[in-house]
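Read through the structure below, which is laid out as structure tokens, and then see the notes.
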Amino acid sequence: MSLAGLRCEAIHVVEAPRAILADRPMGDEEGAAALRDWRKWTADGRATLHRGVLCISDQHEPTDAEWAALYARPGGMPH
């Protein structure tokens, strides 16, 4: 058998996530759903998988009014 005819291909193994990291509060049910359907969450862009950690990011950009309601103090100064 000749080695010249063999091809070496990289094998990419994707394991199920072992932990969740979110940039917003998540309830137990939402966290369980994310772990259960992690492939769909990553395909939809709601999460990424990095070294066994499912990273959930809130992609909603607040409007000016929403941002002001969350972070602005009376008088216009941020918290």
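Please tell me if A69 is modelled with pLDDT of 80 or more and either among the polar types (S, T, N, Q) or touching a Pro at 6+ places or on another chain (Cβ under 9 Å) (or both). Here the answer is yes, as A69 does meet what is asked. The set of residues in the range 38-75 being loosely packed, with under 10 Cβ neighbours inside 10 Å and either touching a Cys at 6+ places or on another chain (Cβ under 6 Å) or closer than 19 Å to G27 by Cα (or both) consists of Q59, H60. Pairs are defined by a Cβ separation below 8 Å, a sequence spacing of at least 6 or placement on different chains, a first member in the range 45-65 that is in contact (Cβ under 8 Å) with a residue 24 or more places away in the chain, and a second member that is basic (K, R) and surrounded by 10 or more Cβ atoms within 10 Å (Cβ to Cβ); the pairs so defined are G52/R18; V53/R18; I56/R46; S57/R46.
The values are calculated or read from the model by the stated rules, or taken from the named source; none is laboratory data. Not measured: the values here are computed from a predicted model. Cβ atoms come from the backbone with ideal geometry, glycine included; neighbour counts cover every protein chain shown.
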